[in-house]
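No lab work stands behind these numbers, since they all come straight from the coordinates. Quick caveat: nothing in here was measured; it's all calculated off a predicted structure. Cβ coordinates were reconstructed from backbone atoms using ideal geometry, including for glycine residues, and neighbour counts include every protein chain displayed.
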Amino acid sequence: MARMIAKRREQGAGPAAFPLALAGEGEQVRIVLIHGGRMVQQKMLNMGLHLDDVIQVVHRQGQGAVLIAKAGHSYAFGGGMSHKIKVERVER
């Protein structure tokens, strides 16, 4: 996973990528880049979240905190973590 994250960093996330914290409620997005060290990467892996996964933003709060859903499971991220996850919009 670390190699995959590093490779995506080298390539860049693309001009359409933005922080998960800015995604709107109900929006489906694809994880394209994870900024952060080993702890952030391990937390994502432990949750079962990987690059190229499609997730849905269920709820969003002011400082960037988000509640997301993937495959029937919900996950909450604080503002700091949600700014480290870069996503792109997915066409429905």
Margin query: Taking the conditions exactly as written (outside any helix (DSSP H, G or I) and either of a type outside the set (A, V, I, L, M) or touching a helix residue (DSSP H, G or I) at 6+ places or on another chain (Cβ under 8 Å) (or both)), does residue 67 satisfy them or not?
Written below: no
Note to self: I'd like the full set of residues that are free of Cβ contacts under 8 Å to residues at least 60 places away in the same chain and not in a strand (DSSP E or B), limited to the stretch 70-82.
What the structure shows: 71, 72, 78, 79, 80, 81
